[in-house]
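Novice: Quick one: the structure is below, questions incoming.
The values are calculated or read from the model by the stated rules, or taken from the named source; none is laboratory data. Because the structure is a prediction, the values reported are computed rather than measured. Because the Cβ atoms are built from the backbone with ideal geometry, glycine has one as well, and the counts that use them run over all protein chains shown. Ligands, DNA and RNA are excluded from the accessible area calculation, which covers all protein heavy atoms including side chains. Shrake-Rupley method; radii C 1.70, N 1.55, O 1.52, S 1.80 Å.
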Amino acid sequence: MIIIGGGPAGLTAATFAATLKMKAFLIARDLGGQAVDSTKIENYMGFDFITGPELVSRFQNQLLHSHFVDHLMDEVTRIIPEKDAFHVVTRGEDTFLTNAVLVTTGMTRKKLYIPGEEEFQRRGVFYGNIPDFSFVEGEEVAVIGGGNSALQIVENLRTLARRIHLVSTSKLKADPAIIERVKVFPNLTVYEGYRTLQFAGENSLTTVEIEKMSGGKRLCLSVQGVFVAIGHEPNSALVADLVALNEKEEIVIRPDCATSRPGIFAAGDVTDAFGKRIIIASGEGAKAALAAKAYLLKKAGAEAIR
Ligand SMILES: Cc1cc2nc3c(=O)[nH]c(=O)nc-3n(C[C@H](O)[C@H](O)[C@H](O)COP(=O)(O)OP(=O)(O)OC[C@H]3O[C@@H](n4cnc5c(N)ncnc54)[C@H](O)[C@@H]3O)c2cc1C
């Protein structure tokens, strides 16, 4: 089995595969996935509180030292089916033949794709509702987005930030109750109908430039932090032609993590499983490894009979 992705789902699947004595190979761009970005995890069993990097380092230790799993740090660019097996091709142009593939490629927060965004990522520009905002205490910040997740960030920043600029391309789309609560915050300025043009600064972010969509009026906001909350997208393009996806482009899975194509399993945030959380992704990864083993044993049995 080849496991693609090194987040909680992939790392748990790989550790399970090792304990199940499967011939497993992990290919991942990084070991940790989104979990590494969490500054405060309070909902992973066994730890009252742990940071993302600490938890990921424990995952890595378990995978590499307690149960060694063969792995390659690379990006999978293609999966080519051949009869009931698959060629897995990497960016580094390695090709591996496998009987089963487990896709755990997770999710990526939607980006703005504007100048300065890559440069200031994690140095002022953050995605989503991060668990610890204390680094912007007393500072001026911007939140980009107009949905529930953007407004929840505004609520979390309310008593911390000196001034909050909320920038949305449209009228706020969050639930009316949260809009009502947030709009009266004295330290909040709302810019509806504005697009974000660029991020700028020296060593860290200092400015975000926005533009009124009707009329083109431009404003430069002085900020120490920007929180982008414009949705997320599953990393499912790799298998879009091979398995069924839902309208959100998540991989549709059965309760045992099997996809619509025999031999391809999927687990974690990239799937339509409810709940995008570390413990859920880990649990799904474990389940997928068990299911893949059952599939491979059945297949080997059928081949032996033939
Ligand atoms: C800022 C932040 C804070 C969070 N806080 C919490 C929290 O406190 N508690 C909680 O439970 N959850 C939290 N989450 C959510 C949690 O991190 C995710 O639900 C979880 O990481 C999903 O795990 P996953 O393995 O499915 O996917 P991911 O963690 O997204 O991992 C996907 C992996 O696949 C790799 N990959 C993608 N495409 C390819 C490819 N083509 N080839 C090879 N590798 C590939 C990626 O590099 C990565 O290693 C947080 C998320 C963020 C962003």
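Novice: What's the angle, to the nearest 10 degrees (0 to 90), between helix 8-19's Cα axis and the longest principal axis of the chain?
Specialist: 20 degrees
Novice: Here is a further query. Give Lys212/Lys248; Lys40/Lys299; Lys110/Lys212 a once-over and call out the pairs whose C-alpha atoms are over 32 Å from each other.
Specialist: Check vs 32 Å cut-off fails for Lys40/Lys299.
Novice: For Thr19 and Asn203 in the same chain, what is the full-extension length gain: residue separation times 0.36 nm, less their Cα-Cα distance, in nm?
Specialist: Gain on extension, Thr19 to Asn203, equals 61.7 nm.
Novice: Then there's this: Using the C-alpha gyration tensor of the chain, what are the square roots of 5 times its eigenvalues, in whole angstrom, with the largest one first?
Specialist: 41, 20, 17
Novice: A follow-up question, please. Counting alpha carbon pairs within less than 8 Å and at least 6 residues apart, what relative contact order, in whole percent, applies to the stretch 110-167?
Specialist: 35 percent
Novice: Also, I was wondering about something else. Of the candidates Met213, Met45, Met22, which one comes out as most mobile in a Gaussian network treatment of the chain with C-alpha springs shorter than 10 Å?
Specialist: Of the options given, Met45 has the highest mean-square fluctuation.
Novice: Whole-Å semi-axes of the stretch 61-182's equivalent ellipsoid, largest first, each the root of 5 times a Cα gyration tensor eigenvalue?
Specialist: Working from the Cα gyration tensor, I get semi-axes of 41, 18, 15 Å.
Novice: Based on the mean of other beta carbon atoms within 10 Å per residue, what is the order of 169-175, 122-128, most packed first?
Specialist: Sorting 169-175, 122-128 by mean packing, highest first, produces 122-128, 169-175.
Novice: Could you derive backbone 3J(HN,Hα) for the stretch 98-105 from the dihedral phi with the Karplus parameters 6.51, -1.76 and 1.60 (θ = phi - 60°), listing whole Hz in sequence and x where the residue is Gly or Pro?
Specialist: The phi angles translate into 9, 8, 9, 10, 10, 8, 10, 7 Hz.
Novice: Spelling out what I want: for every residue of the stretch 40-53, take phi, set θ = phi - 60°, compute 6.51 cos²θ - 1.76 cosθ + 1.60 (Karplus), and round to whole Hz; glycine and proline get x.
Specialist: 7, 9, 10, 10, 10, 4, x, 9, 5, 8, 8, 7, x, x
Novice: With a 10 Å radius around each residue's Cβ, average the other Cβ atoms per peptide and rank 70-81, 105-116, 3-14, highest first.
Specialist: Top to bottom by mean Cβ count within 10 Å: 3-14, 105-116, 70-81.
Novice: Can you give me the relative contact order of the chain as a percent, contacts being Cα pairs under 8 Å and 6 or more apart?
Specialist: 20 percent
Novice: DSSP loop (so not H, G, I, E, B), at most 10 other Cβ within 10 Å: list which GluC sites (Glu not before Pro) in the stretch 230-306 pass both filters.
Specialist: Here the sparse-neighbourhood loop sites are Glu247.
Novice: Then there is this: Provide the solvent-accessible area of Ile178, counting protein heavy atoms only and rolling a 1.4 Å probe, rounded to the nearest 10 Å².
Specialist: Its accessible surface works out to 10 Å², give or take rounding.
Novice: Mind checking which of Pro234, Pro186, Pro262 has the largest fluctuation in a GNM of the chain, springs on alpha carbons under 10 Å?
Specialist: Result for the chain, Cα springs under 10 Å: Pro186 fluctuates most.
Novice: Turning to a different aspect of this structure: Under a straight-distance cross-link criterion of Cα-Cα below 13 Å, which aspartates and glutamates are reachable from Lys21, leaving out those fewer than 8 residues away in the same chain?
Specialist: Asp70
Novice: Pop out the carbon and sulfur fraction of the accessible area of the chain as a percent, whole number, probe 1.4 Å. Intermediate results must be reported in sequence, preceding the final value.
Specialist: Details: 7890 of 15440 Å².
Heavy-atom surface of the chain belonging to carbon and sulfur, 1.4 Å probe: 51 percent.
Novice: Still on this model: Given the DSSP H assignment, sum -39500 (n - 2.57) over each helix run of at least 4 residues in the chain and divide by its residue total; what's the result at 222 nm in deg cm²/dmol, nearest 500?
Specialist: Theoretical 222 nm ellipticity from helices: -7000 deg cm²/dmol.
Novice: Return a whole-number percent for the relative contact order of the stretch 125-228, with Cα pairs under 8 Å and 6 or more residues apart as the contact set. Spell out each step's value before the answer.
Specialist: Details: 229 pairs, mean separation 32.4, N = 104.
The value is 31 percent.
Novice: Quote to one decimal, in nm, the extra length available between Glu249 and Ile279 on full extension: 0.36 nm per residue of separation minus the C-alpha distance between them. Can you show the working numbers first?
Specialist: On the way: separation 30, 0.36 × 30 = 10.80 nm, distance 2.21 nm.
Gain on stretching Glu249 to Ile279: 8.6 nm.
Novice: What is the helix-to-structure angle for 148-157, meaning the angle in degrees between its Cα long axis and the longest Cα principal axis of the chain, kept from 0 to 90 and rounded to the nearest 10?
Specialist: 60 degrees
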